[in-house]
Amino acid sequence: MRELVILSGKGGTGKTTIAASFAHLAERKVMVDADVDAANLELVLSPQVREEREFRGGKLAIIEPALCTAYGRCAEVCRFQAVQEGDDGYLIDPLACEGCAVCYYECPSEAIRLEEPVSGHWFISDTPYGPLVHAQLRPAEENSGKLVTIVKQQARQLALAQGCDLIIVDGPPGIGCPVIATTAGADLALLVTEPTIAGVHDLERALSTIAHFGVPALLCINKYDLNPETSRSIAKDCAARNIPLVGHIPFDVAVTEAMVQGRSVVSYCRGPASQAIERLWRETKRFLDG
Amino acid sequence: MKIAVASGKGGTGKTIVAVSLALSLPQNQVQLLDCDVEVPNAHLFLNPTIQGREEVAILRPSVDESRCDLCGRCAEVCQFNAIAVVGEKVLFFPELCHGCGGCKLACPLQAIEEVPHVIGVVEWGSVGEMAFAHGLLNPGDPMPPPIIRRLKARAQDRKTVILDVSPGTSCPVVESLRGSNYCLLVTEPTPFGLHDLKLAVEVARELKLPMGVVINRADIGDSGVERYCQEEGLPILMRIPFDRRIAEAYSGGTPLVEAFPDYKLRFRGMCREMEKQVER
């Protein structure tokens, strides 16, 4: 079984557009949306939820006001600025609490209890393109990396059970904990960049991150014609570092039109972006098979 | 006043808006903090002169094996499964450690010491008279919040502080928004933009922040975002059209208000709108 992850560093470069099209083009695969903060793949793959599960990402400390003696040990030991001094005693800001439980163990009056609230949900859905494993972390929750790990594990089990030999993961932007959880265990990363100063800068940071985990990278340039000169310089740079450049996608209004229709661009029309993504898939597949 | 520029979805134009807003205000009264420490971009448009730099470290445990009797109390209290006793050894999984210090406090034999582990840096300086600071998380390190906290500690409270926030809705976003007075949401009028805008609105509501919306590439896509803002009573403070010239200026690192100086007045007007909302 092979696992392909689609990453970018910078947000909005076209990861989901490409993932949705790959869902249409690839055979015998399980799709995963690992952008659990802001999952968008479900908006273009028409999923029917088959299974829904709660996700509890971590603990939350709660001070029992009746038991609190305002000793202040909790505020002293908390490293996350989550303990606030109230009028009579202390309070925990649930948004700042990381659930480390240090205050719980240290409180001399045993006034703190731990809860494990539901912090999101994950789903296994059927789509016209095969199964999709996706999730929604509740807004303002933490531990997105843990939720990414769960959806990836579920996808692997599903792929084994259904005899699929490929997992395609639409990744989150950035380089932090959910990206690291997405990258861990992947066989190949497809990086999507755009010919902008920010796209190039963030690509560099994404490449360093995946190199840290030893995952080989392919690159594709989206909207390459918005700045052909920068696109050429990205291509040159990649060649010098032996990163295969496997696609150039032109700017095409059909990409937005397809999204508005709730469809992948390759299923929506045969325009320039669709054709470029088809070629991109053929090239990517060569590396997956090779 | 602290204005956080957030979005939910990535690539909607947060940095364009944050940088342009900062450049439109009286320069000696504004500070820009780039809180997207995973992939900071504001410096690419502002070319700040960096005047100072500090490393940000979290404390991680180091076990003195000569003192440890393998009782396993550290593993029991660690909520992140970052430390475990397996056979005759204490194993530590650094990527899971939040640096809370729980294991050290719990160890009955004082066999655990804490050592700093650098996860990134905060850099500060200026762009002309504008104050500037940003943070950089080291690639491979998972946790941005400690860097964001350090960055926010550099906020100059007498100035208008503009925070450029990372996309998403989880810890780095919450950490950036905490303590702000206003949340300016940048979106695009597409189903993806709308879906993620709704999530960002939920985060800002949890933090009880007044909000306003900027619609970027306002003439592409559909009317879903406009309808949603109307239904929710969210003021739309600016619409920036899709214009290939704007995209080209952006791609080369030219701020919107430098390529199109007329926008400065609009950004100043938008700032007054936000101030009024905060006062109410």
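The values are calculated or read from the model by the stated rules, or taken from the named source; none is laboratory data. None of the values given here were measured: they were computed from a predicted structure. Note: ideal-geometry Cβ built from the backbone for every residue, glycine included; neighbour counts use all protein chains shown.
So for region A:236-257 (the condition being of a type in the set (S, T, N, Q) and assigned to a helix (DSSP H, G or I)), does at least one residue qualify? If you could, list the steps in order and put the result at the bottom.
Within region A:236-257, the subset of a type in the set (S, T, N, Q) is A:242, A:256.
Going one step further and asking which of them are assigned to a helix (DSSP H, G or I), we end up with A:256.
Looking for residues that are of a type in the set (S, T, N, Q) and assigned to a helix (DSSP H, G or I), one finds at least one in region A:236-257, hence yes.
Take B:His98 and tell me if it is of a type outside the set (Val, Ile, Thr) and in contact (Cβ under 8 Å) with a residue 60 or more places away in the chain. Working first, answer last.
Numbers: of a type outside the set (Val, Ile, Thr): yes; in contact (Cβ under 8 Å) with a residue 60 or more places away in the chain: no.
No: the conditions fail for B:His98.
For region B:77-100, which residues satisfy the criterion of being closer than 26 Å to B:Gly135 by Cβ and more than 25 Å from the chain's Cα centre (by Cα)? Quick ask: steps written out before the conclusion?
Looking only at region B:77-100, we keep the residues that are closer than 26 Å to B:Gly135 by Cβ, and these are B:79-80, B:82, B:92-100.
Passing the criteria: B:Gln79, B:Ala82, B:Phe92, B:Phe93.
Out of the residues in region A:120-137 that are in contact with a helix residue (DSSP H, G or I) (Cβ under 8 Å, 6 or more places away or on another chain) and within 13 Å of chain B (Cβ to nearest Cβ), which is nearest to B:Ala200 (Cα to Cα)?
A:Leu137
Would you pick out the residues in region A:27-61 that are touching a Pro at 6+ places or on another chain (Cβ under 8 Å) and closer than 30 Å to A:Tyr104 by Cα?
Correct list: A:Val36, A:Asp37, A:Arg56, A:Leu60.
If you take the residues in region A:220-233 that are out of contact with any Gly (no Cβ under 8 Å at 6 or more places or on another chain) and surrounded by 18 or more Cβ atoms within 10 Å (Cβ to Cβ), which one is nearest to the other protein chains (Cβ to nearest Cβ)?
The residue in question is A:Leu226.
Looking for something away from chain A (no Cβ under 13 Å), modelled with pLDDT of 95 or more and on the phi > 0 side of the Ramachandran plot - is there at least one such residue anywhere in region B:90-109?
No, the conditions are met nowhere in region B:90-109.
Can you tell me which residue among A:Ala70, A:Ala111, A:Ala82 is more than 14 Å from chain B (Cβ to nearest Cβ) and in contact with a Pro (Cβ under 9 Å, 6 or more places away or on another chain)?
After ruling out the rest, the residue left standing is A:Ala111.
State all residues of region B:1-38 that are within 9 Å of chain A (Cβ to nearest Cβ) and more than 23 Å from B:Leu194 (Cα to Cα); if no residue qualifies, say none.
B:Val37, B:Glu38
B:Met238 versus (1) modelled with pLDDT of 95 or more; (2) in a helix (DSSP H, G or I): which is the lone unmet condition?
Against the list (1) modelled with pLDDT of 95 or more; (2) in a helix (DSSP H, G or I), B:Met238 comes up short only on (2).
Counting just the residues of region B:237-259 that are within 13 Å of chain A (Cβ to nearest Cβ) and closer than 16 Å to B:Pro189 by Cα, which one comes out surrounded by the fewest Cβ atoms within 10 Å (Cβ to Cβ)?
If we take residues in region B:237-259 being within 13 Å of chain A (Cβ to nearest Cβ) and closer than 16 Å to B:Pro189 by Cα, then B:Asp243 is surrounded by the fewest Cβ atoms within 10 Å (Cβ to Cβ).
How many residues does region A:117-157 hold that are among the charged types (D, E, K, R) and over 28 Å from B:Val165 (Cα atoms)?
Of the residues in region A:117-157, the ones among the charged types (D, E, K, R) are A:126, A:138, A:141-142, A:146, A:152, A:156.
Now restrict to residues that are over 28 Å from B:Val165 (Cα atoms): A:126, A:156.
Total satisfying the criteria: 2.
Out of B:Gly168, B:Gly221, B:Gly193, which single residue is under 17 Å from B:Asp36 (Cα atoms) and either within 13 Å of another protein chain (Cβ to nearest Cβ) or outside any strand (DSSP E or B) (or both)?
None of the other options fit; the residue is B:Gly168.
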